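This report concerns only the one structure given below.
The values are calculated or read from the model by the stated rules, or taken from the named source; none is laboratory data. Everything numeric here is computed off the predicted structure, so don't read it as measured data. Here the Cβ positions follow ideal geometry from the backbone for every residue, glycine too, while neighbour counts run over all protein chains shown. All accessible areas refer to the heavy atoms of the entire protein, side chains included, with ligands and DNA or RNA removed. Shrake-Rupley method; radii C 1.70, N 1.55, O 1.52, S 1.80 Å.
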Amino acid sequence: MAQFGDYQLAIYLAGLEGIVPEWPVDFATLEQRAEAAMPPSLLTYVQGGCGDELTQRRNASAYAHWGMVPRMMVDSAQRDLSADLFGTRLASPLFMTPIGVTGLCTADSHGDLAAAQAAAETGVPLCASTLANDPLEDVITAAGDTPALFQLYTPRDRELAASLVRRAEAAGYRAIVVTLDTWVTGWRPRDLNTANFPQLRGHVLANYFSDPVFRRLLARPPEEDRRAAVMTWAATFGQVLTWGDLPWLRSLTELPIVLKGLCHPDDALRAIDGGADAVYVSNHGGRQANGGIAAIDLLPDMAAAVAGRIPVWFDGGVRSGTDIVKAVALGADLVGVGRPYSYGLALGGAAGCAHVLRCLLAEADLLMAVNGWPTLAAVRDAGARRVEG
């Protein structure tokens with residue numbers, strides 16, 4: 001049986017022929033290379049966080065104060081990293097989180113398609129953002145047989161929201177992931193200092209410009225008056241959602257509803273009571289609110305509150321396969337990665353993105369092998385402990 005860790009052997013064997021990896025296998029070098037390759041305005045948007053970016057930094061650094069204990073004399077020659085996605089068995093718990101400028105991350109400005117192609121190549125699902133340079137129908141087609149998820153920024157116009165959800169359901173997406181913390185953007189100094197907000201420049205709005213309901217809001221189609229279309233988008237973006245809106249969201253689709261941005265155990269319980277199909281623990285990577293707790297530190301209490309009644313998804317500061325394993329140990333059923341795959345797209349398109357995903361999974365798999373955890377259940381049984389330093 002093939003294992004994700006075999007990617008390491010493939011690299012070493014290629015080295016015997018004088019071939020070294022085209023793209024880095026570690027995050028630090030990957031980021032360094034991407035910083036040199038990406039246009040400054042895009043790099044600023046991808047890397048920027050809210051305020052002085054303390055929460056963003058905490059998200060990435062907090063994994064260091066969680067440690068795991070190996071178990072020896074266990075047969076871990078074969079590892080099973082498989083995870084469940086609403087009845088579909090995935091090869092691993094990893095998925096690609098929605099990033100609003102994915103479309104801009106490749107030289108041809110079709111990064112959404114490239115990410116979907118990487119999903120098709122690796123089996124790692126893409127959670128496609130509402131903000132995209134290609135229509136959601138084209139993105140899921142590029143994902144092939146790999147399941148895809150659709151992230152919804154709920155617009156103020158309920159008819160438009162219903163249209164986006166209907167399109168996603170008709171296209172074959174497996175769930176609607178509703179982002180709760182971005183009805184307005186947080187204070188992002190890096191973008192403000194360059195007065196750069198890509199959407200107001202007409203980028204990543206293909207799902208709106210292709211939507212029949214949105215187009216009915218316009219005096220002239222976007223192809224004829226792009227500026228007016230952008231301003232209409234700005235006027236309709238960002239509905240403040242309350243618990244009273246959950247029945248309406250539920251009424252829009254038969255697909256599972258995932259609530260993204262939950263961080264308090266009481267909110268997890270309300271989500272369960274309201275009929276949500278999964279809780280998605282995330283603080284938006286520290287991009288939306290500063291001064292918060294690292295997402296990984298919030299995860300154990302959230303998992304305890306959910307207590308296995310519905311799945312717990314997670315993202316925030318994942319930079320390595322070790323981070324993925326720690327998130328599973330602390331209660332995550334699925335683990336999202338963001339910035340690393342965007343760097344892979346910038347350096348090598350679909351192939352670069354697939355390489356990054358394979359490296360993450362290889363590291364996670366080999367960590368489980370060495371530490372005596374043949375399954376994700378074994379990882380959860382091992383758990384993680386707070387450590388000093």
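Would you confirm whether any residue within the stretch 272-281 is under 30 Å from residue 376 (Cα atoms) and aromatic (Phe, Trp, Tyr)?
Residues of the stretch 272-281 that are under 30 Å from residue 376 (Cα atoms), as a first pass: 272-281.
Pick out the ones that are also aromatic (Phe, Trp, Tyr) and you get 280.
Yes, that holds for at least one residue.
Within the stretch 308-325, track down each residue that is surrounded by fewer than 19 Cβ atoms within 10 Å (Cβ to Cβ) and assigned to a helix (DSSP H, G or I).
Correct list: 322 only.
Where in the stretch 93-204 are there helices (runs of 4 or more DSSP H), lying fully within it, with 2 or more residues that are touching a residue at least 12 places away in the same chain (Cβ under 8 Å) and under 24 Å from residue 229 (Cβ atoms)?
Helices (runs of 4 or more DSSP H) meeting the threshold: 111-122, 136-142, 158-171.
Does residue 303 satisfy being without any contact (Cβ under 8 Å) to a residue 40 or more places away in the chain and part of a helix (DSSP H, G or I)? Spell out the reasoning first.
Working: without any contact (Cβ under 8 Å) to a residue 40 or more places away in the chain: yes; part of a helix (DSSP H, G or I): yes.
Yes.
How many residues are of a type outside the set (D, E, K, R) and more than 20 Å from residue 98 (Cβ to Cβ) when one looks only at the stretch 311-327? So that I can check it myself, show each step before the final result.
Taking the stretch 311-327 and keeping what is of a type outside the set (D, E, K, R), we get 311-314, 316-318, 320-322, 324-325, 327.
Now restrict to residues that are more than 20 Å from residue 98 (Cβ to Cβ): 320-322, 325.
Going through the stretch 311-327 one residue at a time, the tally reaches 4.
Quick test of your reading of the structure: residue 231 fulfils all but one of (1) open to solvent by 20 Å² or more (accessible area, probe 1.4 Å); (2) part of a loop (DSSP other than H, G, I, E, B). Name the failing condition by number.
The number of the failed condition is (2).
Is it the case, given these coordinates, that residue 347 is open to solvent by 10 Å² or more (accessible area, probe 1.4 Å), of a type outside the set (D, E, K, R) and part of a loop (DSSP other than H, G, I, E, B)?
Details: open to solvent by 10 Å² or more (accessible area, probe 1.4 Å): yes; of a type outside the set (D, E, K, R): yes; part of a loop (DSSP other than H, G, I, E, B): no.
No.
Could you grab me the full set of residues in the stretch 257-275 that are free of Cβ contacts under 8 Å to residues at least 40 places away in the same chain and either open to solvent by 30 Å² or more (accessible area, probe 1.4 Å) or among the acidic types (Asp, Glu) (or both)?
263, 264, 266, 267, 269, 270, 272, 273, 274, 275, listed by residue number.
One line per residue, one yes/no per condition, for (1) polar (S, T, N, Q); (2) in contact (Cβ under 8 Å) with a residue 60 or more places away in the chain; (3) crowded, with 22+ Cβ neighbours inside 10 Å; (4) closer than 19 Å to residue 98 by Cα:
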| residue | (1), (2), (3), (4) |
| --- | --- |
| 330 | no, yes, yes, no |
| 335 | no, yes, yes, yes |
| 342 | yes, yes, yes, yes |
| 355 | no, yes, yes, yes |
| 372 | no, yes, no, no |
| 381 | no, no, no, no |
| 385 | no, yes, no, no |
| 388 | no, yes, no, no |
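Is at least one residue of the stretch 276-286 in contact (Cβ under 8 Å) with a residue 24 or more places away in the chain, of a type in the set (Ser, Thr, Tyr) and open to solvent by less than 40 Å² (accessible area, probe 1.4 Å)?
Taking the stretch 276-286 as the starting set, the residues that turn out to be in contact (Cβ under 8 Å) with a residue 24 or more places away in the chain are 276-286.
From what's left, of a type in the set (Ser, Thr, Tyr): 280, 282.
With open to solvent by less than 40 Å² (accessible area, probe 1.4 Å) added as a condition, the list becomes 280, 282.
Within the stretch 276-286 (the criterion being in contact (Cβ under 8 Å) with a residue 24 or more places away in the chain, of a type in the set (Ser, Thr, Tyr) and open to solvent by less than 40 Å² (accessible area, probe 1.4 Å)), the answer is yes, since at least one residue qualifies.
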